[in-house]
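The values are calculated or read from the model by the stated rules, or taken from the named source; none is laboratory data. In this text the structure is predicted, and so the values were computed from the model without any measurement. FYI the Cβ positions are ideal-geometry reconstructions off the backbone, even for glycines, and counts take in every protein chain you see.
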Amino acid sequence: MPRALVVGNGNMLINFDSQLNMRDLYYPVVGMENHIGGQRCSTGFWEGGHFSWLWEDDWQKKLGYQEDSLVTFVQAINEKMGLDVQINDGVHPHFNIFVRKMTIKNLRNWPRRMRIFFNHDFSISENNIGDTALFDPVSRGICHYKRDIYLLANGAAQGRGIFQYATGRKRFLGAEGTWRDAEDGWLGGNPIDHGSVDSTISFEINLEAREEENLWYWIALGDRLEAVRELDNLVRDHGPGYLLQETMDYCRNWVNRHDWNFGDLPEKVSKLFKQSLLIVRTHCDNNGAILAATDSDILATARDTYNYIWPRDAALVAVALDRVGFPEIPVRFFRLSAQMITDGGYNLQRYNPDGSPGSGWYPLIRDAREQLPIQEDETALVSCALWHHYRQCHDFEEMAPFYWNLAKKMGDFLLQFRDPQTGLPLSSYDLWEERWGVFSFTAASVHAGLMAAANLGNLFGDTRSAEHYRQGAEEVREGMERYLYHEKVGRFLRGIYYRQREGKMEPIPDFTLDSSLYGLFGFGVFPADDPRVERTMKAVEEGLRVNTWVGGLARYTADWYYRMSDDIENVPGSPWIITTLWLAEWYAAKAKTKEELAQARSILEWAADRAMESGILAEQFHPYTGEPLSVAPLTWSHSTFILAVANYIDKWEVTEGRGGDRGTGR
């Protein structure tokens with residue numbers, strides 16, 4: 001089930017599904033250890049023998065956020081129980097505290113006594129071995145802990161704290177968990193249990209006829225019992241409402257640090273732009289990691305997650321954030337990148353959120369010969385992001401160490417890892433991580449990466465290296481024109497593969513239409529209005545269009561990942577946000593009039609229509625139903641939307657005769 005809501009502060013991140021279950025909780029490193037792991041932490045209501053969890057079908061829900069904020073705005077109505085519940089959740093920007101405000105309205109014409117239950121199905125550090133759940137008599141809350149991870153749950157309603165509590169075993173020797181105990185409206189009060197454990201707490205409130213009352217609930221996270229007790233006291237001293245308002249004010253000031261001008265774009269696009277910035281921020285750890293996604297439901301099909309730093313994704317996110325004036329996050333990513341880069345000057349396939357090498361599927365050997373387990377664009381695009389950051393910020397002294405510790409290493413690798421006969425990069429994996437060869441997207445990124453290294457080299461006085469990098473970039477461009485452009489078909493190839501034949505390496509062209517051909521102009525190798533690029537992008541648009549009401553573009557012809565149809569002619573693959581927005585970027589890049597911009601605007605509107613009601617963008621969508629597929633939210637989807645809007649604004653201002661301000665709309 002894709003995640004419908006996400007809240008966080010760079011130290012912790014919490015995901016909720018569309019049924020309002022808390023499904024993922026990461027702390028103290030975003031994306032590293034999931035203390036729920038996809039299980040359900042749920043909220044339930046009891047009155048007079050009738051019980052209902054929020055995830056049950058009797059509840060009608062609307063999910064969203066307060067405007068320009070990471071504080072949620074959720075409404076859940078249960079006609080059978082006569083309840084209208086409004087929920088506002090948030091994570092404080094400074095303190096590691098999750099705060100929930102529940103406004104519970106009685107829809108009946110008589111007074112009532114309700115009990116509200118919160119179940120905690122934590123598996124600390126991603127396993128349920130050796131956990132402890134206990135009632136803390138000091139805070140009068142429930143604390144779960146293992147080693148140096150402590151979670152303290154507490155709350156208040158009508159001036160009173162927790163009404164009842166229970167701790168117990170879960171999913172072990174027939175024990176379901178204390179959530180089952182809650183369904184009779186009464187909790188047994190067991191003060192401690194260990195092993196595979198959960199806990200449930202309840203609050204009791206009196207509701208007058210047609211009146212409403214507030215219930216406050218919070219979870220404090222820390223590294224010892226005294227630390228979470230201190231945070232619990234902080235909530236009581238300041239008041240949970242004050243902390244939630246602080247969170248909302250912080251978010252609004254953060255996302256509105258610039259005076260945005262969205263030109264002729266509709267409100268749904270501008271709202272998604274801001275919400276995308278906030279959602280991307282939740283997936284950026286304060287120590288530099290930029291995570292691809294944190295939706296753990298992918299475990300059901302892959303037995304692995306998207307909780308990794310893909311240097312390509314992260315670099316493109318950094319570019320988007322820099323482009324619209326949020327440079328502090330890219331700088332933190334560059335610091336971590338300087339630690340992640342190998343001695344050879346290349347990036348591995350992906351990294352854990354702490355910068356250590358992540359799991360992968362690239363072999364170290366091919367045809368009995370050692371090979372580098374890489375996709376080269378993941379090195380080249382970090383180089384691009386560094387130069388892009390400097391052009392936006394001109395922070396000379398801060399960037400100088402990054403040249404010597406990072407950009408030069410990458411530039412040397414990109415320069416050397418090439419075929420001396422063609423000038424093109426040597427074979428590596430493509431950006432989709434599926435095939436081994438020499439690809440247009442990779443070559444375009446290498447050209448851009450070498451140009452970025454050359455510009456940085458000149459900037460910091462390494463002119464000799466800069467000259468070599470620039471010459472290498474030119475040789476890559478010439479190689480692309482000679483070997484990756486096909487005169488007979490009149491467009492660029494996805495790539496070429498080499499096979500041994502009669503003692504020689506023979507290039508085999510790959511004519512497959514692939515959306516990643518966007519890189520030809522997106523990385524500045526060729527102009528967007530170059531006739532060869534135009535023919536290529538038109539072929540991509542026509543050949544990868546999903547001909548259903550959902551629309552959008554597939555990744556490439558006959559994409560297998562989450563394939564939902566064998567009708568390849570009409571559905572070449574499931575539509576992706578990223579690939580479709582690349583088409584918008586092409587239309588914006590080549591537009592010279594407002595009329596020519598209209599096609600780009602329509603694609604931006606299409607992307608906004610694909611978002612969940614909360615503003616979450618998935619990786620891809622079912623071509624017939626429009627349902628989200630794979631993970632949601634996907635950070636790359638949101639950052640691509642941010643960048644596409646910025647590029648559109650920039651060109652719109654040019655067509656208005658105002659010049660453009662680097663796509664920021666400021």
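Just one of Ala166, Ala220, Ala209 is modelled with pLDDT of 95 or more, more than 30 Å from Gln66 (Cα to Cα) and aliphatic (A, V, I, L, M); which is it? Spell out the reasoning first.
Values: Ala220 fails: more than 30 Å from Gln66 (Cα to Cα); Ala209 fails: more than 30 Å from Gln66 (Cα to Cα).
On inspection, the qualifying residue turns out to be Ala166.
Mind checking which residues of region 625-657 are surrounded by fewer than 20 Cβ atoms within 10 Å (Cβ to Cβ) and small (Gly, Ala, Ser)?
Across region 625-657, the qualifying residues are Gly626, Gly657.
Test Trp361 against the stated conditions and say whether it is closer than 20 Å to Arg494 by Cα, among the hydrophobic types (A, V, I, L, M, F, W, C) and surrounded by fewer than 19 Cβ atoms within 10 Å (Cβ to Cβ).
Values: closer than 20 Å to Arg494 by Cα: no; among the hydrophobic types (A, V, I, L, M, F, W, C): yes; surrounded by fewer than 19 Cβ atoms within 10 Å (Cβ to Cβ): yes.
Taking the combined requirement at face value, the residue does not satisfy it.
Of all residues in region 154-174 being in contact (Cβ under 8 Å) with a residue 12 or more places away in the chain and over 21 Å from Trp216 (Cβ atoms), which is surrounded by the fewest Cβ atoms within 10 Å (Cβ to Cβ)?
Filtering region 154-174 for residues in contact (Cβ under 8 Å) with a residue 12 or more places away in the chain gives 154-158, 160-172.
From the residues that got through so far, the ones that are over 21 Å from Trp216 (Cβ atoms) too are 167-172.
On the way: Thr167: 26, Gly168: 23, Arg169: 20, Lys170: 24, Arg171: 15, Phe172: 13.
Applying the filter and picking the extreme gives Phe172.
Suppose the filter is out of contact with any Asp or Glu (no Cβ under 7 Å at 6 or more places or on another chain) and in a loop (DSSP other than H, G, I, E, B); does Trp46 pass it?
Working: out of contact with any Asp or Glu (no Cβ under 7 Å at 6 or more places or on another chain): yes; in a loop (DSSP other than H, G, I, E, B): no.
In short, no.
Any idea how many residues of region 15-43 are part of a strand (DSSP E or B) and not hydrophobic (A, V, I, L, M, F, W, C)?
Narrowing region 15-43 to residues part of a strand (DSSP E or B): 15-17, 22-26, 34, 41, 43.
From what's left, not hydrophobic (A, V, I, L, M, F, W, C): 15, 17, 23-24, 26, 34, 43.
The qualifying residues number 7.
Could you pull out the residue among Arg40, Arg3 that is touching a residue at least 60 places away in the same chain (Cβ under 8 Å) and surrounded by 22 or more Cβ atoms within 10 Å (Cβ to Cβ)? Give the steps one after another, and end with the answer.
Numbers: Arg40 fails: surrounded by 22 or more Cβ atoms within 10 Å (Cβ to Cβ).
On inspection, the qualifying residue turns out to be Arg3.
Here is a list: Tyr217, Tyr250. Which entry is in a helix (DSSP H, G or I) and of a type in the set (Phe, Trp, Tyr)?
Tyr250
Condition first: under 18 Å from the mean Cα position of the chain (by Cα), under 20 Å from Ala318 (Cα atoms) and of a type in the set (Lys, Arg). Now tell me which residues in region 252-285 satisfy that.
Result: Lys274, Arg281.
Only one residue in Trp636, Trp652 is in contact with an Asp or Glu (Cβ under 6 Å, 6 or more places away or on another chain), in contact (Cβ under 8 Å) with a residue 60 or more places away in the chain and assigned to a helix (DSSP H, G or I), so which one is that?
Details: Trp652 fails: in contact with an Asp or Glu (Cβ under 6 Å, 6 or more places away or on another chain).
Going through Trp636, Trp652 in turn, just one is in contact with an Asp or Glu (Cβ under 6 Å, 6 or more places away or on another chain), in contact (Cβ under 8 Å) with a residue 60 or more places away in the chain and assigned to a helix (DSSP H, G or I): Trp636.
Every residue in region 63-80 that is closer than 26 Å to Asn253 by Cβ and of a type in the set (D, E, K, R), please.
Listed by number, the residues that qualify are Glu67, Asp68.
Which residue, of Leu414, Leu381, Leu406, is assigned by TED's automatic domain parsing to the domain that holds Thr442, of a type in the set (A, V, I, L, M) and in contact with a strand residue (DSSP E or B) (Cβ under 8 Å, 6 or more places away or on another chain)? Break it down stepwise before answering.
Values: Leu381 fails: in contact with a strand residue (DSSP E or B) (Cβ under 8 Å, 6 or more places away or on another chain); Leu406 fails: in contact with a strand residue (DSSP E or B) (Cβ under 8 Å, 6 or more places away or on another chain).
That would be Leu414, the only listed residue that is assigned by TED's automatic domain parsing to the domain that holds Thr442, of a type in the set (A, V, I, L, M) and in contact with a strand residue (DSSP E or B) (Cβ under 8 Å, 6 or more places away or on another chain).
Among the residues of region 498-557, write down those that are at pLDDT below 95 and either among the polar types (S, T, N, Q) or assigned to a loop (DSSP other than H, G, I, E, B) (or both).
Those that are at pLDDT below 95 and either among the polar types (S, T, N, Q) or assigned to a loop (DSSP other than H, G, I, E, B) (or both): Gln500, Glu502, Gly503.
Go through the residues of region 68-78 one by one and say whether even a single one is within 25 Å of Ser18 (Cβ to Cβ), surrounded by fewer than 19 Cβ atoms within 10 Å (Cβ to Cβ) and either in contact with a Cys (Cβ under 8 Å, 6 or more places away or on another chain) or not assigned by TED's automatic domain parsing to the domain that holds Trp186 (or both).
Scanning region 68-78 turns up at least one residue that is within 25 Å of Ser18 (Cβ to Cβ), surrounded by fewer than 19 Cβ atoms within 10 Å (Cβ to Cβ) and either in contact with a Cys (Cβ under 8 Å, 6 or more places away or on another chain) or not assigned by TED's automatic domain parsing to the domain that holds Trp186 (or both).
Limited to region 157-185, what total is found for residues that are farther than 17 Å from Met102 by Cβ and either in a helix (DSSP H, G or I) or not acidic (Asp, Glu) (or both)?
18
For region 396-425, which residues satisfy the criterion of being small (Gly, Ala, Ser) and surrounded by fewer than 16 Cβ atoms within 10 Å (Cβ to Cβ)? Quick ask: steps written out before the conclusion?
Our first condition is that a residue be small (Gly, Ala, Ser); within region 396-425, this holds for 400, 407, 411, 423.
Matches in region 396-425: Ala400 only.
Would you be able to tell me the number of residues in region 91-147 that are over 22 Å from Leu215 (Cα atoms), in a loop (DSSP other than H, G, I, E, B) and in contact with a helix residue (DSSP H, G or I) (Cβ under 9 Å, 6 or more places away or on another chain)?
3
Which one of these is surrounded by 22 or more Cβ atoms within 10 Å (Cβ to Cβ) and in contact with a strand residue (DSSP E or B) (Cβ under 7 Å, 6 or more places away or on another chain): Leu151, Leu134?
Numbers: Leu134 fails: surrounded by 22 or more Cβ atoms within 10 Å (Cβ to Cβ).
Result: Leu151 is the single residue among Leu151, Leu134 that is surrounded by 22 or more Cβ atoms within 10 Å (Cβ to Cβ) and in contact with a strand residue (DSSP E or B) (Cβ under 7 Å, 6 or more places away or on another chain).
Take the residues in region 426-453 that are of a type in the set (Ser, Thr, Tyr) and crowded, with 23+ Cβ neighbours inside 10 Å, then tell me which one is farthest from His468 (Cα to Cα). Can you show your working first?
Step one: list which residues in region 426-453 are of a type in the set (Ser, Thr, Tyr), which gives 427-429, 440, 442, 445.
Restricting the remaining residues to those that are crowded, with 23+ Cβ neighbours inside 10 Å gives 428-429, 440, 442, 445.
Details: Ser428: 22, Tyr429: 25, Ser440: 22, Thr442: 19, Ser445: 17 Å.
Applying the filter and picking the extreme gives Tyr429.
Would you check if there is a residue in region 326-344 being over 18 Å from the mean Cα position of the chain (by Cα), crowded, with 18+ Cβ neighbours inside 10 Å and part of a loop (DSSP other than H, G, I, E, B)?
Checking region 326-344: at least one residue is over 18 Å from the mean Cα position of the chain (by Cα), crowded, with 18+ Cβ neighbours inside 10 Å and part of a loop (DSSP other than H, G, I, E, B).
Show the residue pairs meeting these rules: Cβ distance below 7 Å; 6+ apart or different chains; first residue within region 262-279 and at positive phi; second residue surrounded by 22 or more Cβ atoms within 10 Å (Cβ to Cβ) and not polar (S, T, N, Q).
Final answer for the pair search is Gly263/Ile649; Gly263/Trp652.
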